[in-house]
Amino acid sequence: MRVLARRSLPPFRGPARGLALGLTLGALVLAGCGGGDDPAADSTAVDAARDTSIGAAVADGVPSDAPAGAPADAPITAADLDVYQRALTAEIALVNDAIARKARATTAEDSMTAMLDALDMKTEPEAARQAGIPVERYRQLGSVLGGALARRQMNPGMQSMMAGMDTSGIGTQPADVQERMRQNMREAAAAFSDSATYREVPPALREEFKRRAEGGLDSLWRELFARRAAAAGLGR
C-alpha cells in the first residue's frame, strides 16, 4: 500500500501560498480517493495541508474602525477592506509597470531588474505605503483576506471535482483501507467547505467581506495573481 509522504510547500506568501496549499491538498485527495490501483492515502497528509494556517489569529469582535498605523496583528475591521483594496490596486499597477519596463528593456540587466521589481518583496512595501499602512500590516491583511480570496477561487472547483469523483472502488478495499479513505474524504470535504473558506475572517466581518469580494476584491486578487505570473513569464 502506497502512503503519501508530507512534502514541503513552495515558499509562497499571502494569497499565492493559500492557493498552493489548496492545490497540494487537491492532489492528495485525487491520489488517495481516485480510481487508481492503489487509492489509499495517509490521512495525516490531508491534515498537514488542511491545518496549515498562513495568518495569525484575529479577534472575533470587529471594531468599527482602526487607525492606519495599527499593529500588524490588530483585529481586522471593515475599514481594512478599503485599505486592502487600495493596496491591491496599487500593487497591480506596480507589477504592470515592471512588465512594461521588461518589454522595453534592451539589455539582459534591465530585463532582470524589471522582473525582480515585480516580486512581492519589492511591490508590497510600496503598495502598503500608497495605502497608508505599514508593510507588515499589508502582509497580515494579505494572509487573512487574501487567503480567503484564494480559497474562494479554488474551493468551488475542488468541491465539484470531489462530487464527481469515482468512489466505486472503495468497497473492494480491506476494511481498514476503506475507513482511511472515507476519513480522508470527510476531512477534504471539510477543508473545502464554506466555513473553511472564511475561517480566518472575523465572524462579524464575513458577510461584508463576501459582498466586497463579489464586488471587486475577487477580480483584483485574480488580476494580481495573473499579472505576477505574467511578469515571471508564466502567463499572459
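A few comments on the model shown:
- Ordered from highest to lowest accessible area with the whole protein assembly present and a 1.4 Å probe, Ser219, Ser168, Ser143 read as Ser168, Ser219, Ser143.
- Table column - 3J(HN,Hα) (Hz), the stretch 94-101, Karplus curve with 6.51, -1.76, 1.60, x for Gly and Pro: 5, 5, 4, 5, 5, 5, 5, 5
- Net charge of neighbours whose Cβ lies under 14 Å from the Cβ of Ala93, counting Lys and Arg as +1 and Asp and Glu as -1: 0
- FRET efficiency, 1/(1 + (r/R0)^6) with R0 41 Å, evaluated for Ala100 and Ser195 via beta carbons: 0.50
- With kT/(6 pi eta Rh) evaluated at 10 °C and eta = 1.306 mPa s, and Rh the Kirkwood radius from Cα pairs, the stretch 89-159 diffuses with a coefficient of 117 µm²/s according to Stokes-Einstein.
- The string of couplings for the stretch 116-123 from the Karplus curve (6.51, -1.76, 1.60, θ = phi - 60°) is 5, 5, 8, 6, 4, 5, 9, 7 Hz, one whole number per residue in order, with x for Gly and Pro.
- FRET E, pair Arg222, Thr113, Förster distance 22 Å, beta-carbon r, rounded to 0.05: 0.25
- FRET E, pair Arg211, Arg186, Förster distance 30 Å, beta-carbon r, rounded to 0.05: 0.45
- Separation between Cα centres of the stretch 88-134 and the stretch 211-236, rounded to whole Å: 15 Å
The values are calculated or read from the model by the stated rules, or taken from the named source; none is laboratory data. Please read all numbers here as calculations on a predicted model, not as lab measurements. Here Cβ is always computed from backbone atoms with ideal geometry, including for glycine, and neighbour counts include all displayed protein chains. SASA here: full protein model, heavy atoms, side chains in, ligands and nucleic acids out. Shrake-Rupley method; radii C 1.70, N 1.55, O 1.52, S 1.80 Å.
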